[in-house]
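First comes the structure, then the notes that go with it.
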Amino acid sequence: MKYFNNLFKLVYCTKRHMSSSKLLLWENSMFVNFLTPTSETKQKIMVTLLSPYNKLKRINLCRNSEDTIQVFIDRLFLKLSKTQRNVSDDKMLKRHFIEIKIKGIKVPCTSKCYQIFKDDYITLHIKDHTYEVIVDAPIINDLKLRTSLYQGLMIYPYTFDQKRDCIVFHYSWYRIDSKKEIEVSNEMAYIPTAEDVNCRLKLIVKPFNEDNLLFGPTTEVISSTVLENTIKIYPFEKRIKTKPYNSIRVVSYNILAGEYTKTKEAKNTMYPYCPEEILASSYRNPLVMKELQAYNGDIICLQEVDKVFFDRELYPILNSYNKMTGLFLKKNGHRNEGLCCFYSNKFRLLEQFNICLNDLTTIEIYCGPIIKEIMDDITWKQGLEKKTVFQVVALNLTNDSRQIVLVCNTHLISDPDGDFIRLFQALIELSIINKIKQNLMKDDPKRNVSVIFCGDFNSTPESGIYDLATDLLLPEEHSKLIFDYYCILEYFSGLKFILRKMYRSIVYSRALQTTAHGPDAALK
């Protein structure tokens, strides 16, 4: 028995310190929201209210808007019945106790939900309890804070699932110290100070519609304890330089997708020197955000970006605090990670190109019929069968529409023995850049098109890719690697000529080279 008591205490204490949201519903209100869920075509109604029989029980209903009021009442009756415990038969809820009225007049049970839940003065009656029906009020369905909080690292809500678009949020942060609550901020994000160490934080969010006329119930969440930060100097403090006036700064990073840190290979082979809690995304993501914000870049290209991290943290924070717009391109296959490109308000989006290297129809458009010849060879075709994606974003300067910046973002394969495949992928991508650049200049010959080629090339400055990307030259030793790798020299001598013709025609501009790591770092 003692074992179970200790186990209960452990579970209770753990649960109590976890970040979980609490929706503070109004006691005598029923909220009805119309929406069409993702991947569905039919409109639904989402209903939320507190049970009149147990104020701690929240009733949630999701019904088709085409349902009749009778179907709606039947379903609500089943939900409410489950909240009644140890009630005598004469006090037990009956189906006919539930009614919906408009201006005090009971609505016909054959009416459709979408017909009824659009009027004013709608009320729900459950025996002696009366609820005001509020339609399309903004409601926050879920609100969470990460579990690892450190002094100096920004904390912000994520899993921010609201039931309506176009909502304005009012935020209030409180420090909980010896059961006292002291308000410390009214921003979406908060940076814990030395005073917050060993304290917990509470976030209260109140949603409003765009006109601030209709507001919904508040949601609150309490964080774990803020820990002291042992980092004395952040990486960006060693690297960052003053950005010259009227210049453009480009930042490029592989931020290591969280799914790659959870494997046995990651823990035992790739990062055995790194403690598990430091390797975790919950610790690394705030550091990534701090680094990216500190550089104040105009263009940010990232690789190995978790889609969830992009949606919940990267985009909301960089958009709200750095006024940047972000574009995401998911990697081919089952991996839920990919590339993303952010750009500041110095630019406007002209066009974007999301290219998969294993989409041969698309690649042939950019590279020509040579692709079919390459696919005839088992080894060469590996370069086009990999699930590599290539992100190209055409931006024009807001103050000069004829100045075009072609931002290119890639992540070449990481196979240690795949030098020739990486070099081939780079040739293909350079050919694509050239084709897109030519098309942009064809549309307006007076345009000046500059190219920024960023990415994780999984290559060193001694590799052929670096020489190819920076100088459009392929030294003999690299040329030998890519063209003399096979024994059928006659075939590849012809292929060598075609590929040389392909990449020699590329006009490559290195006008914008200032990066977070210094000149040309985006190419390294």
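Structure notes:
- Computed from the C-beta positions of residue 112 and residue 168, the FRET efficiency with R₀ = 30 Å rounds to 0.45.
- A cut-off of 5 Å between modelled amide H atoms, ignoring neighbours fewer than 5 places along the same chain, links residue 141 with 161, 162, 163.
- Diffusion coefficient of the stretch 46-202 by Stokes-Einstein, Kirkwood radius over Cα pairs, 4 °C, 1.567 mPa s: 68 µm²/s.
- Cut-off 20 Å (backbone N to label point 7 Å along Cα→Cβ of residue 63), residues of the stretch 35-53: 35-37, 41-53
- Taking amide H as placed 1.01 Å from N in the peptide plane, residue 170 has its amide H under 5 Å from the amide H of 206, 208, each at least 5 places away in sequence or on another chain.
- Using the 1.4 Å probe convention, the accessible area of the stretch 329-464 works out to 42 Å² per residue with neighbouring protein chains retained.
- Members of 241/387; 241/331; 55/94; 241/442; 55/106; 346/442 lying beyond 29 Å, as alpha-carbon distances in this model show: 241/387; 241/331; 241/442
- On full extension, the segment bounded by residue 225 and residue 119 gains 33.5 nm, given 0.36 nm per residue less the C-alpha separation.
- Remark: the residue 180-residue 348 segment gains 55.7 nm on full extension, using 0.36 nm per residue and subtracting the alpha carbon distance.
- For residue 150, the residues whose amide H sits under 5 Å from its own are 227, ignoring neighbours fewer than 5 places away on the same chain, with H placed 1.01 Å from N.
- Förster radius 60 Å - calculated FRET efficiency between residue 460 and residue 214 (Cβ-Cβ, nearest 0.05): 0.55
- Between residue 441 and residue 70, the C-beta separation translates, for a Förster distance of 56 Å, into a calculated FRET efficiency of about 0.30.
- Full extension of the chain between residue 274 and residue 359 yields a length gain of 26.8 nm, computed as 0.36 nm times the residue separation minus the alpha carbon distance.
- Computed from label points 7 Å out along Cα-Cβ, the spacing between residue 99 and residue 20 is 3.8 nm.
- Pairwise Lys count, the stretch 107-196 - Cα closer than 23 Å, eight or more residues apart or different chains: 6
The values are calculated or read from the model by the stated rules, or taken from the named source; none is laboratory data. All values derive from a computational prediction rather than experimental measurement. Methodologically, a virtual Cβ is constructed for each residue, glycine included, from the backbone with ideal geometry; neighbour enumeration extends over all protein chains shown. Only protein heavy atoms, including side chains, enter the accessible area calculation; ligands, DNA and RNA are left aside. Shrake-Rupley method; radii C 1.70, N 1.55, O 1.52, S 1.80 Å.
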